[in-house]
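Just so you know, all these numbers are worked out from the coordinates, no wet-lab data involved. Source: prediction; values computed, not measured. Cβ sites come from the backbone with ideal geometry, for glycine too, and all protein chains shown count toward neighbours.
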């Protein structure tokens, strides 16, 4: 009897949700690209609906390549349409459409106030705008910064406030290569902010905790218990972030150290948390030993896991992990085999339908790539060292101990193999976003997995026995000591490796080329497909050529930068592979580092030369003068660019007579009123003005 011919299936046939996810994700990327215009959203919505109807009719007649092309176009248009629907600007009652400074706005405090150096940051949801004639229901989210005073802030999550109407669009500082905070907020539908004094913020209605949702009450109770037992120790902020997804008390230095060693993922709630949570539930249901009853454990765990995820703030990584766990559990409950790759694509599609902006979230991308990399490569990496647990020798207790002792290398290798497999696809993203490559990622991830598992389980037990201070207090002491030990180990690993590995810069195109090289090489090693090897070598050569061109530009560069730093002046000259500070009036190293690090890495000029005050610079044949005090010049001293760094220098007419500048650069030491006055005078004198506070950093290059 003739057998049906067997053809090798492509991976998208084994994981069909990839065909759905790819065009849908491209539509989301197009929506958030500069090419997108507001009028295109309804057009693509009609295109998606029309093509879907045509596709359904054509599918009933024949399944040709044309019908599948129509399906992909419909999914692309659907990605754009859903992104537009989730954008707050598409709502008819968005408060940003018509902001009147004379109105009063009613707002609901949607998150716990965050303490900053000089202000309190409130995340609010706008409910209504109030003018003397009427109250209008509006919608939208915003940030409110309340200046600190000697009186403590008496506002809490859930309070309803009355705010003035001085809303301003969220803007970036405009420093070179900086992270776009405005774009990040816009993707989270937050586009406006304002600064207030405590007297301008009026409490309309206090929070009624009894009316809060069960998940919110659970979150607040857990946070209070962690505050109670861990006090002000840095373990409190770490466990609150790991267990409850709340980073309000997380130590910034600790977070930075975790990022540089490649283990920042343990802070976010993800698959590891869900796995530990399921282990606890499975242990409690350990009396169900027969395999026939395994499905009961998953059926019980599913709603508990989702309640935990919602109580922890429903972060993208947590929702993804819960969705993946739910799909796996559903397959086990109905006794069907699972396809991990297809489940991952299906989960991503469902999550992006609910919140398309998650596609551009760093956490979502890292989480998705880590799981995808583990699914694709873990089995092959694990086969490099076939370590197996010993069945044990002897009898009774001896056999039990030998099995446990010899199984340790196998379990350790499992963790190491998983760490290596995950790093294959997340390393390019880490380099692109964080400009670093952690040399000790294997050791750090193995230690982090062990630390996270122990601390999370201890935290759960501490919360379970919070009513017994003796037990919870003892566990809290152990958690604090473990955190200190692990933090010391992370600090030691942080300083291992070349300094240049912390200043790696890749553009978006170079990152795509790197992914192409990695994917082609992996395909060659796994399938022995020679064209993939040639494609990988070609991509590597293209990447090296791009890096060489950038290195040539670096060696020949000379740039002067006046940074946009809050209430401070900082100017540098980047020349070749180093930089020097030529003017600064702040000694706050964290502020300087936060503002300048991105530019140092982007221009590959992160080595500091001998710095010192320099008033006159010549860049590309253009002369620049920095004025820190009124000039003592009787004649004339022509310059091309004049930097004003003294608020008393407001007589533009006199300055133009002495220096004849073509551009006046105004630093952050001037008030808004003074900037307006200088702008008017510069226009009258025919001189261009660059206000760093409003237009971003000033860069002069040759």
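Key figures
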{"quantity": "Label-point gap, in nm, between residue 609 and residue 134 - each point 7 angstrom along Cα→Cβ", "calculated": "6.5 nm"}
{"quantity": "Overall form of region 95-211 per C-alpha gyration tensor (a/c, 1.5; a/b vs b/c)", "calculated": "oblate"}
{"quantity": "Helix 294-311 vs. the chain, principal-axis angle (Cα, 0 to 90°, nearest 10)", "calculated": "10 degrees"}
{"quantity": "The chain - convex hull of the alpha-carbon atoms, volume per residue in Å³", "calculated": "239 Å³"}
{"quantity": "Cα shape, region 508-548, gyration tensor, a/c 1.5 rule", "calculated": "prolate"}
{"quantity": "Alpha-carbon centroids, region 224-267 and region 608-652: separation in whole Å", "calculated": "46 Å"}
{"quantity": "Degrees, to the nearest 10: 271-284 long Cα axis against longest axis of the chain", "calculated": "40 degrees"}
{"quantity": "Fully extended contour minus Cα-Cα distance, from residue 680 to residue 200, at 0.36 nm per residue", "calculated": "169.7 nm"}
{"quantity": "Förster radius 60 Å - calculated FRET efficiency between residue 330 and residue 673 (Cβ-Cβ, nearest 0.05)", "calculated": "0.45"}
{"quantity": "Ranked packing of 416-427, 249-260, most packed first, by mean Cβ within 10 Å", "calculated": "416-427, 249-260"}
{"quantity": "Estimated FRET transfer efficiency when R0 is 45 angstrom, pair residue 35-residue 470 (beta carbons, to 0.05)", "calculated": "0.10"}
{"quantity": "Value of [θ]222 nm, deg cm²/dmol, for the chain, DSSP H segments ≥ 4, -39500 (n - 2.57) each, nearest 500", "calculated": "-17500 deg cm²/dmol"}
{"quantity": "Stretchable slack from residue 340 to residue 433, in nm (0.36 nm times residue separation minus alpha-carbon distance)", "calculated": "30.8 nm"}
{"quantity": "With Cα atoms, 0 to 90° folded angle of helix 340-354 axis to the chain main axis", "calculated": "40 degrees"}
{"quantity": "Computed label-point distance, nm, for sites residue 454 and residue 515 using a 7 Å Cα→Cβ extension", "calculated": "3.7 nm"}
{"quantity": "Overall form of region 140-284 per C-alpha gyration tensor (a/c, 1.5; a/b vs b/c)", "calculated": "oblate"}
{"quantity": "Rough spin-label spacing in nm, given labels placed 7 Å along Cα→Cβ, for residue 415 and residue 658", "calculated": "6.6 nm"}
{"quantity": "Ranked by how many other beta carbons lie within 10 Å on average, peptides 159-171, 130-142 from highest", "calculated": "159-171, 130-142"}
